[in-house]
Amino acid sequence: MSNVIGTPLAKIDSWDKVIGAAKYADDMNLPRMLHARILRSTMPHARIKSIDTLDAEELPGVVAVITGRDVPIEYGILPSSQDEQALCVDKVRFVGDAVAAVAALDVETAERALQLIHVEYEPLTPVVTMNEALDETRDAIHSGEHADHHNIHKMVALEFGDLDAGFAEADYILEENYFYQGNTHLALENHSALASFSPDGHLTLWSSTQTPHYVHRALAKTLELPASRIRVVAAAIGGGFGGKTDPFSHEIVACKLTMLTGRPVKITLTRQEVFYCHRGRHPVLMWVKMGVRNDGEPTALHFRTMLDGGAYGSYGVASTYYTGALQTVTYKIPAYKFEGMRVFTNKPPCGPKRGHGTPQPRFALEIHLDKIARHLGLDPAEYRKQFIVDDKTKTVNHLTITTCGLRECIDRVVEASGYGSEKRETRNESQESKIENQKSKIKIGFGLACGSYLSGAGLPIYWNQMPHSGVIVKVDRGGGVAVFCGSTDIGQGSTSLLAYIAAEEFGIDVRDVRVITADTDLTPVDLGSYSSRVTVMTGNACIQAVRPLKQKILDAAAEKLLVPAESLSFRDGEIICEDDDARRLKWTDAVVLTEAKHGTLSGTGSYKPPKRAGPYKGSGVGVSPSYSYAACVAQVSVDIETGQVRVEKIWLAHDGGRALNPLLVEGQVEGSVYMGVGEALMEEMTYRGGLHKAPSLLDYKSLTMNDMPRVETFLVETNDPEGPFGAKEAGQGPLLPVPPAIANAIYDAIGVRIDETPITPDKILKALEEKEKGRTARFGPKNFPNAPYPEPLHVEPPEDAPRLERKKG
Amino acid sequence: MKQVLHLRVNGQAHELYVEPHKTLLEVLRDELDLTGTKHGCDLGECGACTVLVDGTPILACLALPIELQGREITTVEGLAHGAELHPLQRAFAELNAAQCGYCTAGMMLSAKALLDRETNPTREKIRDALAGNLCRCTGYEKILEAVEVAGREIKK
Amino acid sequence: MLHLPPFEYFAPCSIADAVNLFAQYGDDAIFVAGGTDLYPNMKRRQFTPKVLIGLNGIDGWRGISNGNGVTIRAGTTLNRLSDHPTIRQNYPALATAANLVSTPQLRAMGTLGGNLCLDTRCNYYNQEFSWRQALGFCMKKDGEICMVAPGSPRCWAVSSTDCAPVVIALDGRVRLVGPRGERVIAAGDLYRDDGIAYLGKTRDELLTEILLPPPDGTKSIYLKLRRRDSFDFPILGVAAALRFASNGEIENARIVLGGVGSRPLECVESARLLMGQKLSRELIDAAADAAWKPARPLDNTDSTHSYRKKMTRVYVARALEALSEK
Ligand SMILES: Cc1cc2nc3c(=O)[nH]c(=O)nc-3n(C[C@H](O)[C@H](O)[C@H](O)COP(=O)(O)OP(=O)(O)OC[C@H]3O[C@@H](n4cnc5c(N)ncnc54)[C@H](O)[C@@H]3O)c2cc1C
Ligand code: SF4
Ligand code: FES
Ligand code: FES
């Protein structure tokens, strides 16, 4: 073995990034390339009566103009939501929906041409809020086949165990409404796509996509080309966070235009257009009812969610289930009912953003627990620790817990922060008001929350029996190793992990491994960078690809060294006999011997998650090979006169299983904390009518370096049996506890509850005013709309799930 | 109408023929093929396009090349000395301060201007110097560390 | 990528040349200094001038000179201004304000002259062309009505410069040079209470200098309200300048608000209350109360207007408290 795994190494693609050589899609140019732009709807909801492109076509420099009729085939990421068109044909559904496209010799001409396209619309009543979506007198945004009912896209209701009995056993029941505002990925790189069609009928697309495989499928469908003649390559990607996981209109349009013109076509979106493409965090309204015994033990949990989905399905069906799936994987819950609903509105579609559908319910649940703990006079940390799920058990909704390091996570952050004890860190000097008079106006508080996330979805997006991840490893006779995998690196380091694993297994230097990724022609399918699936799935596939190769090499070496193969191991570029280290062979010599003996050296590996879905419809969402856990303590200071909140410090402990490269795991934790703080305090998608209020990097607020608190990270390394070398996920889970920890800290500081995000100064002042007036010291949604949730499907919990003990009557 | 333009970029003199309304960002990327300079907004709102003019960080998306004739422009491609990386580049790579890498060029150039003035800046100073560069990936923590490490390296 | 609209570019070497060029092209022309306000607006098509008159090549365009008080040339960049020892020493509020503008990169490009002439801002206006098209254009550009106050005959776009309130509070004057000659006016007179015609100068007049009187013991401070500690424009700015007599009585007081109206607002009533008095808790509260009343923020910037209005009182009080402790 060599010492790669567990070592803080540079990512293999960092070097290109620091010298400015990494090629992102917009950095690529091809000879004779045309530039395309998309005309977007100025109406939130309207029928298209006519589109006149004549003037645009006549503008010198314009090479092609297309409309919806040129690419009418419907697509969408989920097989059940094929409700998008690359360019709208009959109807536009939000301001920003794509209507027509122009390819021209240069971008400026293409832009000018857009102004010459005349679209006649027949306006329909816009549906902007969730309440409007429930109002059946308003126009339906989609035809019946795409919606469960009118503007209700999806409805689900599931009940596990005996809810009534659970509430009957409770000594204390708390009900409350919460709202988590929608927000967006805001990757620094705007989406870009470059397409090229060769005369022999081969289409190539380079794109900033996290999911080349799904784009590949969507292109085959919408362009009616055999998939075998389409090649999708993910360029270097300037941040994703889930924002580049759908097949996008501009990708299809670029392809169509190159097919029509025979010239390469590039489209790079503007920042405003990226806001329109969105697919970010759903705004979710939640109603939570939880019953506990006097010692805090949960007896029943009833969770109702309503998601504002925007104009299209996207991942929305999965998002809806996700708002209910993971409430059970942290604490033992013996009876659980979940009702979820997603509605269509005339706004950019929502989809998966870091934590996909789970930060919203986690926000509500962890605040709810804090309230219960305070009500019962329990320490919120100790309280939670009593009811944490056990390793190797199942939850009431049939999810399998392999390892759970949450208890240790809580201990680590509590100890470091002094949470709940007297030795709490004193006020951070730099934040202290310089003005004597104002000191008394600054209140300090600490809050704790936990979270959990999956290490990859247990089921693929479209139903099939094939692997979720494939890896090919090739060993060159010069000693170089090439790893081919369809995965996409969006900065998290997934490409590097493959190199680390190969290097570790072969006992060679990481620099002797090349990794070729995300190219549907060259690399075996990996489903893509979403749901934190990459480390676990590609890692396992890589190990599987490497191991038979290792055996061949060992056999050849054993023959040469005249020792049994079992006595040999790979170490520091050599194959060494553990019993007699004089018997050794250079790695490079060994591969030559092996190739002479076996022919070309390559191996393949595949990974498919264990089959664990429960016995009910909808059980596919939430299952995963393993779950990560995180605990967070936030320290805030609140200025009671201005309502301004400063997050002073975040302590975050994450159980991501074994850290294959601690630097990368820390990076994921810090990045998640950053995003969690931003969502808690300022990030928000707001609309005026159907029009986005702030589609720019100035008006959509994200934390600058000056707003970012200090972060102390602790890695709690469980050794998970499902992971490669014991690894679980780290890319999304650490975000989850951050917003509720901040909300709980604000309560600790000033005694008011802010039950919605973002927690802005004016909301704080309003809650303080309520408190002063002797009313409920709270800001948040007061009620939940009356909506037609269906009758729940009753599901028997598995054997080894938490059981409700009957203590009362 | 296109005009002749003389620009010095990364120590190299260029004679170009461009329209005056093309920003430095467009000229660097489209005319000089220096695509290491990125763009996230084109409006001065993100810092991804930061380059140095006579050692001072400015935004290429809001600068007219016509006004920068005779000045020394440095982009990320000009940070290294031949094959030898600038300490900032090494530190950013080794400490994982570049995740997706899209803010990296701008970050490093802002940091370079600071480290050229002082090699041992406080965290406060680093924050102030980099407050005009947004990053969505790192949470800034590793970037701060990398700048400190590079400063120490330069001092040696 | 967003693009600038095509234009012809001139780089005059003297103030006279700049003014003459403008006279020659008139409505087609626009002055540009750092461009950090103008270029984003041009990219969004708020302006499509045929001719750009770049000021940065003017001889003696930047610099700060001491004399009776201080003279700041309009082309002085904001970072030079905030780093300048005299400014930091004698006019700390101006150094603070300049240093709180946007980001380091923009402060290296943006000038004081440009900052004082900054276009007024509004959520309905500082948007890309296609966005404004979707909304239906407003009267500040291409349209008929005001989107914030639909019944209103005027535009309520917000004066968002950080430096203007300070320059006014410090009793500054500005020198204007135009085709009809030169004049020096009080900084306060540079502004009009109108979101469209927000400047009290004609388009062809060039702002060349900012003149500040000797500090004479005046203490000054600038406080800025914004969401993030970088990038963001003020949604409220409070500049306060007080001169105390040796017995602690206030001899001169000026409080000017930014970010809450179409021009910087002077709190005349607050100043009147302060004059001849010693600062006390009650007096501070009374002055803050008086400042709060004239502020009439509308819902066209970040945050809510009720919050901005509330904060006016708090920030004025805090500014005065800080000055009393200095
Ligand atoms: C992301 C971002 C954030 C910002 N944040 C802030 C902020 O927080 N606070 C703030 O105050 N500003 C802010 N700004 C605006 C701007 O950067 C500054 O106000 C800057 O000082 C403007 O100066 P300039 O030289 O770049 O102006 P320019 O863009 O060159 O000019 C602005 C206007 O003034 C006119 N003009 C310029 N100079 C003269 C002159 N000498 N005589 C007559 N007319 C003249 C121009 O014709 C133009 O109409 C921000 C800008 C951006 C892009
Ligand atoms: S205040 Fe009214 S008129 Fe003025 S820019 Fe805003 S919306 Fe337009
Ligand atoms: S591209 Fe964002 S600041 Fe220049
Ligand atoms: S590393 Fe991705 S934006 Fe900074």
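The values are calculated or read from the model by the stated rules, or taken from the named source; none is laboratory data. Quantities reported herein were computed from a predicted structural model and do not represent experimental measurements. Note that each Cβ is placed from the backbone with ideal geometry, even for glycine, and that neighbours are counted across all protein chains shown. Ligands, DNA and RNA are excluded from the accessible area calculation, which covers all protein heavy atoms including side chains. Shrake-Rupley method; radii C 1.70, N 1.55, O 1.52, S 1.80 Å.
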What are the residues in segment B:71-106 that are assigned to a helix (DSSP H, G or I), touching a residue at least 40 places away in the same chain (Cβ under 8 Å) and open to solvent by less than 20 Å² (accessible area, probe 1.4 Å), if any? B:V76, B:L88, B:A91, B:F92, B:A105, B:G106
Which numbered condition A:S628 fails, given (1) within 30 Å of A:D370 (Cα to Cα); (2) among the hydroxyl-bearing types (S, T, Y); (3) at pLDDT below 95: (3)
Could you tell me which residue of segment B:111-136 is surrounded by the most Cβ atoms within 10 Å (Cβ to Cβ), considering only residues that are more than 12 Å from chain C (Cβ to nearest Cβ) and within 16 Å of ligand 3 (Cβ to nearest atom)? B:C135
Please tell me if A:I472 is in contact with a Pro (Cβ under 8 Å, 6 or more places away or on another chain) and assigned to a helix (DSSP H, G or I). no
Across segment C:304-321, which residue is farthest from ligand 4 (Cβ to nearest atom) among those that are within 20 Å of the chain's Cα centre (by Cα) and touching a residue at least 24 places away in the same chain (Cβ under 8 Å)? C:V316
When you scan segment A:726-744, do you find a residue that is within 14 Å of chain C (Cβ to nearest Cβ) and within 21 Å of A:L365 (Cα to Cα), even just one? no
For B:I126, all conditions in the list (1) within 16 Å of ligand 4 (Cβ to nearest atom); (2) in contact (Cβ under 8 Å) with a residue 24 or more places away in the chain; (3) assigned to a helix (DSSP H, G or I) hold save one; what is the number of the exception? (2)
Mind checking which residues of segment C:24-66 are open to solvent by less than 30 Å² (accessible area, probe 1.4 Å) and of a type in the set (S, T, Y)? C:Y39
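Conditions (1) farther than 22 Å from C:R243 by Cα; (2) within 11 Å of chain B (Cβ to nearest Cβ), marked per residue:
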position	(1), (2)
C:S65	yes, no
C:N68	no, no
C:L78	yes, no
C:I87	no, no
C:P92	no, no
C:P104	yes, yes
C:R107	yes, yes
C:L112	yes, no
Out of all the residues in segment A:740-755, is one or more at pLDDT 95 or above and more than 17 Å from A:K371 (Cα to Cα)? no
State the number of residues belonging to segment A:235-275 that are assigned to a strand (DSSP E or B), within 14 Å of chain B (Cβ to nearest Cβ) and more than 19 Å from the chain's Cα centre (by Cα). 2
Take B:D30 and tell me if it is within 11 Å of chain A (Cβ to nearest Cβ) and within 16 Å of ligand 1 (Cβ to nearest atom). no
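Okay, residues lined up against (1) within 16 Å of ligand 3 (Cβ to nearest atom); (2) under 12 Å from the mean Cα position of the chain (by Cα); (3) within 14 Å of chain A (Cβ to nearest Cβ):
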| residue | (1), (2), (3) |
| --- | --- |
| C:C163 | no, yes, no |
| C:I168 | no, yes, no |
| C:V177 | no, no, no |
| C:D204 | no, no, no |
| C:S230 | yes, no, yes |
| C:A241 | no, no, no |
| C:G248 | no, no, no |
| C:G261 | no, yes, no |
Could you list all residues from segment B:56-86 that are within 16 Å of B:A105 (Cβ to Cβ) and of a type in the set (G, A, S)? B:A60, B:A63, B:G78, B:A80
Looking only at segment B:93-110, filter to residues that are hydrophobic (A, V, I, L, M, F, W, C) and closer than 20 Å to A:G731 by Cα; which one of those is farthest from the other protein chains (Cβ to nearest Cβ)? B:A97
Could you go through segment B:53-62 and let me know if any residue there is part of a loop (DSSP other than H, G, I, E, B), touching a Leu at 6+ places or on another chain (Cβ under 9 Å) and within 16 Å of ligand 3 (Cβ to nearest atom). no
The one condition in (1) more than 13 Å from chain B (Cβ to nearest Cβ); (2) free of Cβ contacts under 8 Å to residues at least 12 places away in the same chain that C:P6 fails to fulfil: (1)
Residue count, segment A:330-388 (criterion: part of a loop (DSSP other than H, G, I, E, B) and surrounded by fewer than 24 Cβ atoms within 10 Å (Cβ to Cβ)): 5
Condition first: within 30 Å of A:D699 (Cα to Cα) and away from ligand 4 (no atom under 16 Å from the Cβ). Can you find one or more residues in segment B:75-83 that meet it? yes
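Residue-wise test of (1) in a helix (DSSP H, G or I); (2) in the same structural domain as A:A254 (by TED's automatic domain parsing); (3) without any contact (Cβ under 8 Å) to a residue 40 or more places away in the chain.
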| site | (1), (2), (3) |
| --- | --- |
| A:H153 | no, no, no |
| A:Y178 | no, no, no |
| A:L205 | no, yes, no |
| A:Y214 | yes, yes, no |
| A:R217 | yes, yes, no |
Go through (1) under 20 Å from the mean Cα position of the chain (by Cα); (2) farther than 21 Å from A:G447 by Cβ and name the single condition A:H654 misses. (2)
Sole exception among (1) within 14 Å of ligand 1 (Cβ to nearest atom); (2) more than 23 Å from C:S230 (Cβ to Cβ) for B:P65, by number: (1)
Of C:D189, C:D229, C:D204, C:D193, which residue is outside any strand (DSSP E or B), touching a Lys or Arg at 6+ places or on another chain (Cβ under 7 Å) and assigned by TED's automatic domain parsing to the domain that holds C:D302? C:D193
Residues that are touching a residue at least 60 places away in the same chain (Cβ under 8 Å), within 7 Å of another protein chain (Cβ to nearest Cβ) and open to solvent by 10 Å² or more (accessible area, probe 1.4 Å), drawn from segment A:692-724: A:S696, A:V711
Can you find a residue in segment C:163-178 that is open to solvent by 20 Å² or more (accessible area, probe 1.4 Å), over 29 Å from C:R88 (Cα atoms) and either within 16 Å of ligand 4 (Cβ to nearest atom) or part of a strand (DSSP E or B) (or both)? no
Quick one: C:R183 ticks every box in (1) under 25 Å from C:Y315 (Cα atoms); (2) open to solvent by 10 Å² or more (accessible area, probe 1.4 Å) except a single one, so which number is it? (1)
